[in-house]
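**Student:** Could you have a look at this structure, given as structure tokens, before my questions?
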């Protein structure tokens, strides 16, 4: 079976499993009303309205009933009903959510699927019969607002996973178990990296010293690399006048994600949801010539976007975040080389952080696109050429671009095989028109520049969460908030431990000292929980010999070392941003 056919079968099987699960639930829990039940990545779900709460102990019972239905090889039978017949049919069963869905349909006929006694509103497709269904497992229970609207009823959602082989489902379950251990919310608390609380406000991040130190290292590297690669750094305000957001179109198309205006001197101001209109104002602050192009401008700009409480998730989905924004403004003839350079630069950054498995998704011109078709063609070709030059696998999303330009998204794969959407290189034919951006060409005439939005890490908050989970909190030495910890065995070595600690600090090493009166076993255990890369232990022998013993993260022990040679050994590891310790 070809990969496309295989993927189509799996998606169809997952959809059929949603129906099988719904059939099992209504049989086990009479009176349960049906919401929707689609196939999703890795599995399926179905939403139910029921007068009791599902509990984890219900899942094995539902699975058992599902397996019984599967064993019967019930056929999936398709038929059509007139809209009126369907409304009467589901009204008789009290299925108010199905009635709402039917009323929203414009067709005079609706699709119906039946397997066994179970009947559902559905356009398919499904597998031939339930016996075709193979490996699945019910995974979790969650709440979900009907149609995603927090003002509508809260339903109960049961998630399931499904794959074509048992090995695949076992691997997925193992990955999920590993993901739970790496959850950035859990590790964020354990390592004292950040917090979010209701008094400050949901979705607003408080960076603690340990997290701030890592963030500082990320930002310093980000800024240094941008300057090396021909970018200039910008800083822009956190809010702007309503007129700016009217011109950009945000108040027309994005207002629901913007916070309420502030009245300042009788004029409405909005917290910025994006940085680009400010960068355009800098561009328009003076007359521009083709000799100045290309312009590469970058900013770590904090933006604010309204997200519903139900979708907030640690650092992955927040309301205030720092976007690592860049805008490339160039002449049309420069666009291909600039796109190639932007992607090359992005790939080098990702390698530094340990992400080498990268896939690109190219979204092309939709039906409602603005801008001349030849502009789109040039932009799409340059995006594809950039990916090809960097030898990145590309998947084409025909017609999937925004109305204002095509884009290429990069998805990185982390250390346990999960994909994360990160870098975006987005062409924009809209804002240059809205803001009447121009430059004087070699022919003496005014021309419209090309503009490219480029977010590399995405947002620092989300990237930080990904990084925590990728390394499971075991940050490489250059990122670790504490690189070396010093611990004395008894109080007799406290002065010697402090001497070692001061020498490390004097050499620019991020160090801490544990001079508590606790046992050395307790200190070693604490250092392990803090995931410190190097723990220096000094006792009577080390003090007498003017030496140190070290315990590397991972429990390797080395004794009889000289502190100066140890510092000389780890400095290159920090300076070269190595991902794995090479210290012997």
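The values are calculated or read from the model by the stated rules, or taken from the named source; none is laboratory data. In this text, all values refer to a predicted model and were calculated from it rather than measured experimentally. Methodologically, a virtual Cβ is constructed for each residue, glycine included, from the backbone with ideal geometry; neighbour enumeration extends over all protein chains shown.
**Student:** Of everything in segment 230-243, what is buried (at least 16 other Cβ atoms within 10 Å of the Cβ) and either out of contact with any strand residue (DSSP E or B) (no Cβ under 8 Å at 6 or more places or on another chain) or touching a residue at least 60 places away in the same chain (Cβ under 8 Å) (or both)? Give them in sequence order.
**Tutor:** Residues satisfying the conditions are 231, 234, 236.
**Student:** For segment 352-371, give me each residue that is in contact (Cβ under 8 Å) with a residue 40 or more places away in the chain and either outside any loop (DSSP other than H, G, I, E, B) or more than 15 Å from residue 429 (Cα to Cα) (or both).
**Tutor:** 352, 353, 354, 355, 357, 358, 359, 360, 361, 362, 363
**Student:** Here's a follow-up. Considering only strands (runs of 3 or more DSSP E) fully contained in segment 242-336, which possess at least 1 residues that are under 26 Å from residue 403 (Cβ atoms)?
**Tutor:** Here the list reads 267-271, 295-304, 320-330.
**Student:** Among the residues of segment 27-45, what is the count of those that are surrounded by 18 or more Cβ atoms within 10 Å (Cβ to Cβ) and closer than 19 Å to residue 134 by Cβ?
**Tutor:** 6
**Student:** State which residue is nearest to the chain's Cα centre (by Cα) when the search covers only segment 377-408 and only residues that are touching a residue at least 40 places away in the same chain (Cβ under 8 Å) and buried (at least 20 other Cβ atoms within 10 Å of the Cβ).
**Tutor:** In this case the residue turns out to be 408.
**Student:** Does segment 524-543 hold any residues that are within 15 Å of residue 498 (Cα to Cα) and in a helix (DSSP H, G or I), and which are they?
**Tutor:** 540, 542, 543
**Student:** A further question on this structure: When you check residue 438 against the structure, is it at pLDDT 95 or above, farther than 30 Å from residue 540 by Cβ, surrounded by fewer than 23 Cβ atoms within 10 Å (Cβ to Cβ) and in the same structural domain as residue 364 (by TED's automatic domain parsing), yes or no?
**Tutor:** Criteria met by residue 438.
**Student:** Same structure, new question: Looking only at segment 50-88, count how many residues are in contact with a helix residue (DSSP H, G or I) (Cβ under 7 Å, 6 or more places away or on another chain) and within 28 Å of residue 103 (Cα to Cα).
**Tutor:** 5
**Student:** Report the residue count in segment 486-523 for those that are in a helix (DSSP H, G or I), surrounded by 13 or more Cβ atoms within 10 Å (Cβ to Cβ) and touching a residue at least 40 places away in the same chain (Cβ under 8 Å).
**Tutor:** Selection size over segment 486-523: 6.
**Student:** Right, another one. Return yes or no: is residue 451 modelled with pLDDT of 90 or more, under 23 Å from residue 248 (Cα atoms), assigned to a loop (DSSP other than H, G, I, E, B) and assigned by TED's automatic domain parsing to the domain that holds residue 344?
**Tutor:** no
**Student:** Within segment 2-9, can one find any residue that is touching a residue at least 24 places away in the same chain (Cβ under 8 Å) and either farther than 30 Å from residue 171 by Cβ or in contact with a strand residue (DSSP E or B) (Cβ under 8 Å, 6 or more places away or on another chain) (or both)?
**Tutor:** Looking for residues that are touching a residue at least 24 places away in the same chain (Cβ under 8 Å) and either farther than 30 Å from residue 171 by Cβ or in contact with a strand residue (DSSP E or B) (Cβ under 8 Å, 6 or more places away or on another chain) (or both), one finds none in segment 2-9, hence no.
**Student:** If a residue must be within 40 Å of the chain's Cα centre (by Cα) and within 20 Å of residue 33 (Cα to Cα), how many such residues does segment 69-100 contain?
**Tutor:** Number of matching residues: 9.
**Student:** Kindly list the number of the only condition in (1) in contact (Cβ under 8 Å) with a residue 24 or more places away in the chain; (2) surrounded by fewer than 20 Cβ atoms within 10 Å (Cβ to Cβ); (3) more than 28 Å from the chain's Cα centre (by Cα) that fails for residue 374.
**Tutor:** (1)
**Student:** Which of the residues that make up segment 265-312 are in contact (Cβ under 8 Å) with a residue 60 or more places away in the chain and within 30 Å of residue 198 (Cβ to Cβ)?
**Tutor:** Of everything in segment 265-312, those that are in contact (Cβ under 8 Å) with a residue 60 or more places away in the chain and within 30 Å of residue 198 (Cβ to Cβ) turn out to be 300, 301, 302, 304, 307, 308, 309, 310, 312.
**Student:** Given the options 416, 412, name the one that is out of contact with any strand residue (DSSP E or B) (no Cβ under 6 Å at 6 or more places or on another chain), in the same structural domain as residue 317 (by TED's automatic domain parsing), modelled with pLDDT of 90 or more and closer than 27 Å to residue 470 by Cα.
**Tutor:** Going through 416, 412 in turn, just one is out of contact with any strand residue (DSSP E or B) (no Cβ under 6 Å at 6 or more places or on another chain), in the same structural domain as residue 317 (by TED's automatic domain parsing), modelled with pLDDT of 90 or more and closer than 27 Å to residue 470 by Cα: 416.
**Student:** If you don't mind, there's one more thing I want to ask. Just need a number here: residues in segment 130-150 that are surrounded by fewer than 16 Cβ atoms within 10 Å (Cβ to Cβ) and in a loop (DSSP other than H, G, I, E, B).
**Tutor:** Final tally of qualifying residues: 2.
**Student:** I'd like to know if segment 77-86 contains one or more residues that are under 19 Å from residue 142 (Cα atoms) and in contact with a strand residue (DSSP E or B) (Cβ under 6 Å, 6 or more places away or on another chain).
**Tutor:** No - not one qualifying residue is present in segment 77-86.
**Student:** Which residue out of 336, 372 is in contact with a helix residue (DSSP H, G or I) (Cβ under 7 Å, 6 or more places away or on another chain) and farther than 30 Å from residue 575 by Cα?
**Tutor:** 336 is the lone residue from the list that is in contact with a helix residue (DSSP H, G or I) (Cβ under 7 Å, 6 or more places away or on another chain) and farther than 30 Å from residue 575 by Cα.
**Student:** For residue 60, state whether it is at pLDDT 95 or above and under 34 Å from the mean Cα position of the chain (by Cα).
**Tutor:** Taking the combined requirement at face value, the residue satisfies it.
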